[in-house]
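Reviewing the structure listed below.
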Amino acid sequence: MILTVIQPSYFPNISALSRMARADVVVWADSFRYSKHSTINRARIKTVSGAAWLTVPVLTTGRMSQPIQKVIFDKEHFWRQTHLRSLEVSYQNSPYYNFFSDDIENLLNENYVFLNDLLLASTQFLLRKLRTPVKIIRSVDLPNVEDRSRRVVRWMQECKCDEYLVESADMNYIDAEIIGRIGKLIEFEFCPKKYHQLFQSYIENLSGLDLLFNEGEMSKLILAESAKLKRT
């Protein structure tokens, strides 16, 4: 059984989805600290003018040390219809947009209390539509261990996994020897496979929405071909 840890994000990018697709258990790291200008509350899509961000406004003033699970929306901004309109304008001519637009509208119009609820719903939506079944366990429901490598070991034990899938960029931040005492380490490298996109100039690693709208049922294969794994 393979475990990986994912930072919550809004309609996550293809790299994150590709890594989740190679795991059996995903730890949803909602106990981690919220970070501004990340993909936590932003999704990158493709427009006629190039890449653009869909940003969910949240309250951060005086709250910079808050965990992701406690982040709340800034209710002064009416962002839902703006996001839906941006998706319609950018993707209405894509092959599969009309198959999913109503579901996305229903998803965004739910009455969420916390940002984390929206992030989890958007991620589960993409995983379902990309036919990628995976078990998600929230990190707030797992033991809190300060040391990163020992935390991974504890979570592997709690989730009954014997392999840990980690991004290449994060290999220097973990102790392979500690993790190797209970299981194997798998290095994940994102090798983006090109797919059909609207407009000119191909853009890598957009939100999974872009892949879904353009490739539909082929998306699962593209996710698989975008992952390179190395067991150490």
- line: For the stretch 170-221, the count of residues that are open to solvent by less than 10 Å² (accessible area, probe 1.4 Å), closer than 30 Å to Gln157 by Cα and part of a loop (DSSP other than H, G, I, E, B) equals 0
query: Just to be sure, is Glu158 over 27 Å from Tyr34 (Cα atoms), at pLDDT 95 or above, surrounded by fewer than 16 Cβ atoms within 10 Å (Cβ to Cβ) and not aromatic (Phe, Trp, Tyr)?
result: no
query: If you check Tyr164 against the conditions, is it open to solvent by 10 Å² or more (accessible area, probe 1.4 Å), in contact (Cβ under 8 Å) with a residue 24 or more places away in the chain, aromatic (Phe, Trp, Tyr) and outside any loop (DSSP other than H, G, I, E, B)?
result: yes
statement: Over the stretch 110-147, the set of residues within 30 Å of Glu217 (Cβ to Cβ), over 17 Å from the mean Cα position of the chain (by Cα) and of a type in the set (Asp, Glu) is Glu110
field: Which numbered condition Val5 fails, given (1) out of contact with any helix residue (DSSP H, G or I) (no Cβ under 7 Å at 6 or more places or on another chain); (2) without any contact (Cβ under 8 Å) to a residue 40 or more places away in the chain; (3) within 17 Å of Val140 (Cβ to Cβ)
entry: (2)
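Quick grid of which residues meet (1) at pLDDT 95 or above; (2) part of a loop (DSSP other than H, G, I, E, B); (3) among the β-branched types (Val, Ile, Thr); (4) surrounded by fewer than 16 Cβ atoms within 10 Å (Cβ to Cβ):
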| site | (1), (2), (3), (4) |
| --- | --- |
| Asp102 | yes, no, no, yes |
| Asp117 | yes, no, no, yes |
| Arg131 | no, yes, no, yes |
| Val145 | yes, yes, yes, yes |
- line: Restricted to the stretch 17-43 and to residues being in contact with a strand residue (DSSP E or B) (Cβ under 6 Å, 6 or more places away or on another chain) and closer than 23 Å to Lys193 by Cβ, the residue most open to solvent (accessible area, probe 1.4 Å) is Arg22
- prompt: Within the stretch 127-147, can you find the residues that are charged (D, E, K, R) and closer than 25 Å to Ile14 by Cβ?
  reply: Arg128, Lys129, Arg131, Lys135, Arg138
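The values are calculated or read from the model by the stated rules, or taken from the named source; none is laboratory data. Keep in mind it's a predicted model, so treat the numbers as computed, not measured. We place every Cβ from the backbone using ideal geometry, glycine too, and count neighbours over all the protein chains shown. Remember, those area values only see protein heavy atoms, side chains included, never the ligands or the DNA or RNA. Shrake-Rupley method; radii C 1.70, N 1.55, O 1.52, S 1.80 Å.
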